[in-house]
1. Identify, from the list A:86, A:70, the residue that is within 18 Å of residue A:228 (Cβ to Cβ) and in contact with a helix residue (DSSP H, G or I) (Cβ under 9 Å, 6 or more places away or on another chain).
2. Within the stretch B:187-194, can one find any residue that is at pLDDT 95 or above, in a helix (DSSP H, G or I), surrounded by 24 or more Cβ atoms within 10 Å (Cβ to Cβ) and more than 7 Å from chain A (Cβ to nearest Cβ)?
3. Residues to consider are A:269, A:209; find the one that is within 30 Å of residue B:166 (Cα to Cα), within 7 Å of chain B (Cβ to nearest Cβ) and either free of Cβ contacts under 8 Å to residues at least 12 places away in the same chain or surrounded by 19 or more Cβ atoms within 10 Å (Cβ to Cβ) (or both).
4. Return yes or no: is residue A:150 closer than 20 Å to residue A:22 by Cβ and either in contact with a strand residue (DSSP E or B) (Cβ under 9 Å, 6 or more places away or on another chain) or surrounded by fewer than 21 Cβ atoms within 10 Å (Cβ to Cβ) (or both)?
5. Filter the stretch A:38-68 down to residues that are free of Cβ contacts under 8 Å to residues at least 40 places away in the same chain and within 21 Å of the chain's Cα centre (by Cα), then give me how many there are.
6. Does residue B:220 count as facing chain A (nearest Cβ under 7 Å), in contact (Cβ under 8 Å) with a residue 24 or more places away in the chain and in contact with a helix residue (DSSP H, G or I) (Cβ under 8 Å, 6 or more places away or on another chain)?
7. So residue A:276 ticks every box in (1) within 19 Å of residue B:216 (Cβ to Cβ); (2) within 7 Å of chain B (Cβ to nearest Cβ) but one. Which box is left unticked?
8. Based on this model, can you work out whether residue A:166 counts as outside any helix (DSSP H, G or I) and within 8 Å of chain B (Cβ to nearest Cβ)?
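The values are calculated or read from the model by the stated rules, or taken from the named source; none is laboratory data. None of these values were measured; they are calculated from a predicted model. In this analysis, Cβ positions are derived from the backbone assuming ideal geometry, glycine residues included, and neighbour counts consider all displayed protein chains.
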C-alpha cells in the first residue's frame, strides 16, 4: 500500500489520515475537503501531504468521509475516477441506501461499506487525533460483494489502526444504529433544547448542572452538518426509535403524575440490568 | 468540632464520612443505616467508627443522607433527639417540602437545608470516596433561618471539603434541579428502556454501542431507591420538564418525518450554543 486519498477531512477522515501516517510513515496521503479552511488545516496538521480534488488512478485506497447525504453521488463519481486496483470505502453512519445504490454497479467489487463506531462531540480537522480509531468497532456490510484482493488493502489499514471488525446486513446496521447511536444524539439535542428554553426564565440554571447533566447533554455539541443528513437518511429507523422513546417517557411521566412510586421503582430496577450489559461490553 | 453523626451511609453520606475523616482525623464519626449490610460495610471501610441509631445529644453535626421521601420524618425525629448545640443538615435532592415542613418548627434554627450537587451512577457505601465533594457546588436554602453560630459548624466542614456554596430559595432550587438533574435521569432511564426493549428482537444490539450511547445512558445505572422518591417528591417541576422534553422530541421527530433537513440543521445549530455555556461553567 503506497497511496491513499481521503475526501472529507473532518474528525473521522482526519483521524484516518493521522492514524495511517503514524502506522505507515512512507504512505502518500492526499485529500480534499469542500471547505477551504478545513483543507488548509488538514495540510498544516499533517493529515494529508497533498491537496487534490481527484484521487490518482493508481491510488490504493480512497476513503469517503463526508456527510451521509453526500456519499451516494461522491461514491459514484469517485468510482468513475479511479483505476481498477483502487478500493473505495466510505465511513458513513447509514449503510442501506448506499448498498442499494451500488447493488448493480459495474464497479461494485471496488467498494467496501464500512462504519467505524468512533467519534466525539467535536468536528473538523482540528478535532481529529491519531488514536480515535484505536480498539473501536468497525462495521462492514456485504463484505462478500467486495473483491477479495482489494479488500486486503482496507484490512491492512484497519488492522494497523486496531479496528475490531464486525459484519452485518446494511438494513440490520441502520436499524441497530438508530437505537444505539442516532437516538442518543436526538435525545441529547432535545435535552439541551429543553434546558435552553428554561434558561429564558432562569438565567443561572446551568450553574447547578452536575456531571450527570453534562454527560447526557454532551452530544448536543455535535455537528448539525453531520447529523441533519443522518436523521433524514435513516428516517424510518430513527422514527421507530424516537416513537418508542417518546412512548416510554410518556408512560414514565404518567407514573410520576399518579404518584406510582412502586411502579417507578420497579421499572428503574428492571432498567438497571443495563449495568451488566454495558459492563460486559468493556 | 468533635463529633458528627451520619444517617444514611450510601454514596453521599459515605463520602461525607470519608472526606471528614481525611480532613479532621480526630473527629468522632458515628452513624446509622437501615440496611445492615451497608452499616457493616461503612464500619469496615472506615466511613464511621461507631454504629449507633441515635446521635449523642452533644453531637456537633448530624448529616441526613437518606432517600428524599424519608427525610421529613427523619428530620423531625432527629431534632427531637439532639441537644441545643447540634446542627442538623440534610443533603436531599429536593428542598421545598422540607423547608415548608420546618417553617414553624421550634428548632428551625438548628436545621440547614443543603444539597451538594455530587454523585455518580453508583450507590452504597462501597461507591463512596473522600474526594467526591471536592470542588462541587453545594446549594443552601433559607440560610437566614439557621442559627449563625450553629451554621459555622457546617461551614467548617463544607470549607474543608472544598464545597462551593450557592444560595437560593427552595422553590427555585427544586425548579432548577428538575431541569438540570432530574430530567437527565428520567431521559437516561427511558433511553435505556427503549434499547432494552429493542434487544428482545436484536440480541447483539449493545455490541454496536459507542461512547455516545454510554454517555447518554450512564445514569440509567442509578439507584431506584434514591430516584423513585425524587421523582415523586418534585412531581410538579419534573412533569413540567418532562412535558417540555416530550414536546421538543415530538417536534423534532415531525421535522425528520417531513424530511425538513433545513429545519433540523437550524435547530441543532441553535442548540450548539450550549457548547459555550457548558464550557463557561468549567
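1. Details: A:86 fails: within 18 Å of residue A:228 (Cβ to Cβ).
Unique residue meeting the criteria: A:70.
2. Among the residues of the stretch B:187-194, not one is at pLDDT 95 or above, in a helix (DSSP H, G or I), surrounded by 24 or more Cβ atoms within 10 Å (Cβ to Cβ) and more than 7 Å from chain A (Cβ to nearest Cβ), which makes the answer no.
3. Working: A:269 fails: within 30 Å of residue B:166 (Cα to Cα).
After applying the criteria, what remains is A:209.
4. Details: closer than 20 Å to residue A:22 by Cβ: no; either in contact with a strand residue (DSSP E or B) (Cβ under 9 Å, 6 or more places away or on another chain) or surrounded by fewer than 21 Cβ atoms within 10 Å (Cβ to Cβ) (or both): yes.
No, not satisfied.
5. Let us first name the residues in the stretch A:38-68 that are free of Cβ contacts under 8 Å to residues at least 40 places away in the same chain, namely A:39-40, A:43-44, A:46, A:49-51, A:53-54, A:57.
From the residues that got through so far, the ones that are within 21 Å of the chain's Cα centre (by Cα) too are A:39.
Count: 1.
6. Numbers: facing chain A (nearest Cβ under 7 Å): yes; in contact (Cβ under 8 Å) with a residue 24 or more places away in the chain: yes; in contact with a helix residue (DSSP H, G or I) (Cβ under 8 Å, 6 or more places away or on another chain): yes.
So residue B:220 passes the test.
7. (2)
8. Values: outside any helix (DSSP H, G or I): yes; within 8 Å of chain B (Cβ to nearest Cβ): yes.
Considered against the rule, which asks whether it is outside any helix (DSSP H, G or I) and within 8 Å of chain B (Cβ to nearest Cβ), residue A:166 comes out as yes.
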